[in-house]
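Single-structure report; data block below.
The values are calculated or read from the model by the stated rules, or taken from the named source; none is laboratory data. Every value quoted in this text rests on a predicted model; they were computed, and no experiment measured them. So basically every Cβ, Gly included, is an ideal-geometry build from the backbone, and we count neighbours across all protein chains shown.
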Ligand code: F58
């Protein structure tokens, strides 16, 4: 059809503010049409889904901005303390349904668009998934941002606006390949560029000392400066009461072009400085396999820490004459050690730039910072070579030495002398052939509170990595068990379940998840069970469609969906699951007539690009899938799927379709886990080890409603000390021996029979992650899962108990605890 020019333009009858803020079907429809015409520049007849998405997002954004400005005003005039959540990762995913849900506009918008012949759920799928994070740590930051807005905690998230988020995973012949994910290529309707908010960030150069009033003053003369430019994204909380800001920094070269060089014909060289400067915000987590990669990572850390501190100091000084009351006005939370250099930068700002006395500056710094630890794995604890620090941040290195010297002097004065203790609490590590700065120790010393992310993890922090520091400062370490935002992980991801919950429990459950507990009374109700089962079956059918589209594999929505979704890592033990899958496959083939509980095993997750074993595990999953899925004897009983390119949006589809949640890390290694919470909330039963937050999930859902197996953290530690051999374990388990032999000899890799030889031998020789030690117990637990599945009434009873009992894992509860115990800020009372 041909469209009359102008015919698609929005009705002039609509008053302007109605187009901006009106929430009726007509107002929203008019608003989207106006955006399509005037912001996107398209007529309806030519508009693609992407154009409609942009127009819709911009119309929704207008409605967010109102509350944003109100919140800004209230915070500014109220003189309330602000929270600054500093994180190198914000795994926010798609944002349209966050805004619609929290503003209560989803249904109205759906109706408004349908009047234009546009399907909101189709638009949902064209929004790029902002993958500005690797996994749990980044997603936690995103959930926290939403909960801080919900609880009206005045907060800024500070991070980096990576041009390329986490890579897009393509699986070719079973092998992972990485492709760049340019989420910004079609524009980002949620952000506001703030080119006027820009700070100079220095690198390199030298330090000069001069005397001021008889005392030395230090001045850093960087040899290079990069500009940090702000981009703001509003984060709207539940029911739209409060809106906070996620401020992400983009790197910009001071001078975009060396015009002299360009005019002399050196077109590429003329831009070299710019390329180097702007590399800082090019990619999330540059590979640290090379020195250049490590250096870039440290540049990212300092870049965003320094920009954020300049920003918050400027905000403070707009209101107060000096920085002496900074700690009363600002709480800065360090999301892991990645922003820990901020401790040193704040000292530099206070002492070198604002002339504050060292001791006062240190007191303020400590009172301002809190530090969250997310891992105890030694290989994941950040340390930086002193020579690199000295070259890149010479003044910071001096400050670190002084902080360390004063810290160790104070301990000596208090009577500490043990060399091992002094070595462990020193910020500088000797050895490995070179000195390194331990960022965890720096963050600990520079903070008034240090927290772990589950009860077990916090205990292990006290016993292992921070044992000596904890003995000296026993009040600093505290626990803050992670949580998830129920708006995204229940209401947006699983509208069918949400509708049932509202029906049974009343609308109040949307505001206060403690109402979920009442569901337990109905756990045995056959009618409720039937409704939930039907809703889950629909979710499984939808996921089945995605599986078929992406992999060509057909799955049966009536089979048990057994799900392991997370980064691929040996400590998370996807290979334990695969070995069990093979054992089950063998068992079914041996006795195909038995009444096996039909299962679909779904794996999804990305491996770090340079992590060879993790990539081999992906290949093994695909190899096992091919053999199992092609075998007619197990047809209808077992399917194996590796679903490529796991991300937040895919998680939103998988989680509501899960029956069984695999949380099978080596005990003591998974700090908390948060996928475990999302899956349990959506009614999946957990099979898991006593690790991370699984322990607390078990305490809440009850032993009958969870499948626990394997060594405890203590037993794992004892095993590691004893050095028990895996060969013996394998020899004692005929089932495991058979599986190991099959993998090792190439049963699943007939095209390359040596493919898994070394991998199998590594399990036989070291098995650091105790896959073999836990195998038999895991297999037995899986057979208990089968037995329960065969009793569907009992299964659904347990499923309901999971949903009913995990309300505590709301990130609103977690943020409430941070606000009370670490930040000392009030939160908005529940409705
Ligand atoms: C995760 N850490 C923990 N790190 O593994 C998980 O148990 C916990 O639930 C979660 O944090 C939230 O507390 C995590 O995701 C990373 O992604 C690192 C980021 C920096 C590069 C190496 C991975």
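Observations on the structure shown:
- Residue match in region 204-211 (condition: more than 19 Å from residue 72 (Cβ to Cβ) and modelled with pLDDT under 95): yes
- Extreme residue, farthest from the ligand (Cβ to nearest atom), among residues of region 623-639 that are within 19 Å of residue 760 (Cβ to Cβ) and surrounded by 21 or more Cβ atoms within 10 Å (Cβ to Cβ): 628
- Set side by side, the residues 121, 98 differ, and just one is outside the structural domain of residue 50 (by TED's automatic domain parsing) and out of contact with any strand residue (DSSP E or B) (no Cβ under 9 Å at 6 or more places or on another chain), which is 121.
- Scanning region 198-220 for residues that are part of a loop (DSSP other than H, G, I, E, B) and surrounded by 13 or more Cβ atoms within 10 Å (Cβ to Cβ) yields 204, 205.
- Test: residue in region 133-146 that is in a strand (DSSP E or B) and either within 26 Å of residue 199 (Cα to Cα) or within 16 Å of the ligand (Cβ to nearest atom) (or both): no
- Flag if residue 195 is away from the ligand (no atom under 16 Å from the Cβ), outside any loop (DSSP other than H, G, I, E, B) and within 30 Å of residue 51 (Cβ to Cβ): yes
- Flag for residue 417 being assigned to a loop (DSSP other than H, G, I, E, B) and either within 16 Å of the ligand (Cβ to nearest atom) or under 18 Å from residue 347 (Cα atoms) (or both): no
- With respect to the conditions (1) outside any helix (DSSP H, G or I); (2) within 16 Å of the ligand (Cβ to nearest atom), residue 355 lacks only one, and its number is (2).
- Counting the residues of region 149-180 that are within 16 Å of the ligand (Cβ to nearest atom) and outside any strand (DSSP E or B) gives 4.
- Residue within region 46-53 that is more than 18 Å from residue 191 (Cα to Cα) and either at pLDDT below 95 or part of a helix (DSSP H, G or I) (or both) present: yes
- Single match in 617, 664, 655 (criterion: more than 16 Å from the ligand (Cβ to nearest atom), surrounded by 21 or more Cβ atoms within 10 Å (Cβ to Cβ) and touching a residue at least 24 places away in the same chain (Cβ under 8 Å)): 617
- Some residue of region 499-515 being within 16 Å of the ligand (Cβ to nearest atom) and under 26 Å from the mean Cα position of the chain (by Cα): no
- Subset of region 348-367 [in contact (Cβ under 8 Å) with a residue 60 or more places away in the chain and under 30 Å from residue 481 (Cα atoms)]: 365, 366, 367
- Scope region 282-314; condition at pLDDT 95 or above, in contact with a helix residue (DSSP H, G or I) (Cβ under 9 Å, 6 or more places away or on another chain) and over 19 Å from residue 336 (Cβ atoms); matching residues: 282, 295, 310, 312, 313
- Check on residue 606, surrounded by fewer than 24 Cβ atoms within 10 Å (Cβ to Cβ) and in contact with a strand residue (DSSP E or B) (Cβ under 6 Å, 6 or more places away or on another chain): no
- Taking region 140-186 as the range and being out of contact with any helix residue (DSSP H, G or I) (no Cβ under 7 Å at 6 or more places or on another chain), at pLDDT 95 or above and surrounded by 23 or more Cβ atoms within 10 Å (Cβ to Cβ) as the test, the residues that pass are 140, 141, 142, 145, 149, 156, 165, 166.
- Test set (1) surrounded by fewer than 19 Cβ atoms within 10 Å (Cβ to Cβ); (2) closer than 20 Å to residue 577 by Cβ; (3) touching a strand residue (DSSP E or B) at 6+ places or on another chain (Cβ under 7 Å) - residue 781 fails condition number: (1)
- Selection within region 568-611 - in a helix (DSSP H, G or I) and within 16 Å of the ligand (Cβ to nearest atom): 574
- Single match in 748, 775 (criterion: closer than 17 Å to residue 582 by Cβ and outside any helix (DSSP H, G or I)): 748
- Within the option set 628, 624, being touching a helix residue (DSSP H, G or I) at 6+ places or on another chain (Cβ under 7 Å), assigned to a helix (DSSP H, G or I) and closer than 12 Å to residue 642 by Cα holds for one residue only, 624.
- Residue list for region 453-497, restricted to those being free of Cβ contacts under 8 Å to residues at least 24 places away in the same chain and either within 19 Å of residue 693 (Cα to Cα) or within 15 Å of the ligand (Cβ to nearest atom) (or both): 458, 459, 462, 463
- Residue within region 105-127 that is touching a residue at least 24 places away in the same chain (Cβ under 8 Å), within 29 Å of residue 180 (Cβ to Cβ) and part of a strand (DSSP E or B) present: no
- Residue-level check: of (1) free of Cβ contacts under 8 Å to residues at least 24 places away in the same chain; (2) farther than 22 Å from residue 377 by Cβ; (3) not in a helix (DSSP H, G or I), residue 431 misses just (2).
- The single residue among 375, 337 that is out of contact with any strand residue (DSSP E or B) (no Cβ under 6 Å at 6 or more places or on another chain), within 22 Å of residue 281 (Cβ to Cβ) and within 16 Å of the ligand (Cβ to nearest atom) turns out to be 337.
- If the condition is being free of Cβ contacts under 8 Å to residues at least 12 places away in the same chain and either at positive phi or assigned to a loop (DSSP other than H, G, I, E, B) (or both), then region 693-733 contributes 723, 725, 732.
- Yes/no for residue 764 being surrounded by fewer than 20 Cβ atoms within 10 Å (Cβ to Cβ), in contact with a helix residue (DSSP H, G or I) (Cβ under 6 Å, 6 or more places away or on another chain), under 28 Å from residue 626 (Cβ atoms) and not assigned by TED's automatic domain parsing to the domain that holds residue 369: yes
- Meets criteria (crowded, with 17+ Cβ neighbours inside 10 Å, over 26 Å from residue 307 (Cα atoms) and more than 16 Å from the ligand (Cβ to nearest atom)) for residue 27: yes
- For region 77-104, residues that are outside any helix (DSSP H, G or I) and under 26 Å from residue 131 (Cβ atoms) total 13.
- Matching option when the condition is surrounded by 18 or more Cβ atoms within 10 Å (Cβ to Cβ) and part of a loop (DSSP other than H, G, I, E, B), among 498, 441, 458, 481: 481
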